[in-house]
1. Assuming S36 fulfils every condition listed in (1) crowded, with 20+ Cβ neighbours inside 10 Å; (2) more than 23 Å from the chain's Cα centre (by Cα); (3) of a type in the set (G, A, S) apart from one, which condition is it?
2. Would you tally the residues in the stretch 218-254 being small (G, A, S) and over 14 Å from the mean Cα position of the chain (by Cα)?
3. Quick test for you: out of F156, F169, pick the one residue that is at pLDDT below 90 and among the aromatic types (F, W, Y).
4. Any idea which of A175, A135, A88 is in a helix (DSSP H, G or I) and either within 19 Å of the chain's Cα centre (by Cα) or modelled with pLDDT under 95 (or both)?
5. Would you tally the residues in the stretch 2-60 being among the aromatic types (F, W, Y) and part of a loop (DSSP other than H, G, I, E, B)?
6. Taking interchain pairs and intrachain pairs at least six residues apart, which have beta carbon atoms under 8 angstrom, with the first residue in the stretch 209-226 and within 10 Å of G320 (Cβ to Cβ) and the second surrounded by fewer than 24 Cβ atoms within 10 Å (Cβ to Cβ) and of a type in the set (S, T, N, Q)?
7. Report yes if some residue within the stretch 218-241 is surrounded by fewer than 19 Cβ atoms within 10 Å (Cβ to Cβ) and farther than 22 Å from Q359 by Cβ; otherwise report no.
8. In the stretch 365-388, how many are modelled with pLDDT under 90 and not in a helix (DSSP H, G or I)?
Amino acid sequence: MHPREFIAFIAAVMAVNALGVDLMLPALADIGRDFSVTAANHRQWVVTVYMVGFAAGQLVYGPLADRFGRRPILVCTLIGFVAASVFAASSTSFEGLLFARFLQGLMSASTRVLAVAMVRDGASGRHMARIMSVAQMIFFLVPILAPTLGQLLLEFGPWRFIFYALGSFAALVLAWTLVRLPETLPLVRRVPISLTNLRESYKLTLSNRYSIGYSVAASLTFGGIIAFVSSAQQIFVDEFGAGDRFTLLFAICAGAMGIASFANSRLVERLGTRLISQSALLALIALSLVHLVIIQAGVESLQTYIVVQALSMTCIGLCGSNFGAMAMEPVGHIAGTASSLQGFITSIGAVLVGSAIGQSYAGTTLPLAIGYLCIGLSVLVIVYFVEGRRLFQARMA
């Protein structure tokens, strides 16, 4: 592939997962109505079970891709994603839809692991960072546009069209893979699957305080994103009555995180991961306290919520990307397996945290504000124990 085509391809692979999460958000109310889901919070499971599958799949794709190569694993999982999308579109019960969503998440988990692995196969250091930054800039357009695309699909048909669209997009990426993608992992670099090697790699990843500490920190901040995504439709439509502007308002909040990631890619080499992430973490705690004051004073409005939420997403974006990089620092020599395990920890922790906050929604943004404050304080404690004295020294450096 030409370098520009390769970057576009990596972005498309990553977009399969992003669309899988966000495209159906405008349809949650329709899905609940069709399947007689009386409790509004139960509609959030359409997002939650997807993330559970996404978390579980990451445990296996790293070792499989190191053994059999990147291309065959990507081909198989994209075929599986297309099949799961058709299954979801033809579901006759809410339970059947949730099972199909779990399968979608399970298949799309390969996109996170393989996208990073394929870039790493041909690049390293700053060159790898540049490729991933450009791909992620394209990728971040997806969660901004996805609800709008989902709403547009609903204009032409029922919510099932959204799942057919997901399958069609994955099928296009599959065709691109079959026609244009070469295998990026040479035979001489293939690693046999060994339980002994996996056990040692898992032990190292879980016992290193930087690896496990920043993985858990990343999972908590990612949980804040899941909480927002799963409850966004209820907050904007039910609480603030802004259903006609839902896609625009969601795009503003999601776009803030994209801008944060873009800024981080430009600033991190000069300021460092610790200074940026720790400053953003303190800002998230401060924003959460301000939000609580606004809610308790009874002056919460759509405008105040948008401002606080967009700024909070900015902080979360700055924390998450840097926490992930710091978690990988001590385990770079086992990057494939470590990435799979850290991805599982991050995703499953995010599901638990995000689901707990989302299921607490009771008609106000108070649970989200309290949840973000608890996330910020918990992560601060984790970072303190990981860094010790370096915590505030890193901020001053």
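1. Answer for S36: the failing condition is (1).
2. Here the count works out to 6.
3. Step by step, each of F156, F169 is checked, and only F156 is at pLDDT below 90 and among the aromatic types (F, W, Y).
4. From the options A175, A135, A88, the qualifying one is A135.
5. As a first pass, look at the stretch 2-60 and keep what is among the aromatic types (F, W, Y): 6, 9, 35, 45, 50, 54.
When the remaining residues are screened for being part of a loop (DSSP other than H, G, I, E, B), the result is 35.
Counting residues in the stretch 2-60 that are among the aromatic types (F, W, Y) and part of a loop (DSSP other than H, G, I, E, B) gives 1.
6. Final answer for the pair search is L220/S378.
7. yes
8. Number satisfying all stated conditions: 1.
The values are calculated or read from the model by the stated rules, or taken from the named source; none is laboratory data. Quantities reported herein were computed from a predicted structural model and do not represent experimental measurements. Every residue, glycine as well, gets a Cβ built from its backbone with ideal geometry; the counts of neighbours run over all protein chains shown.
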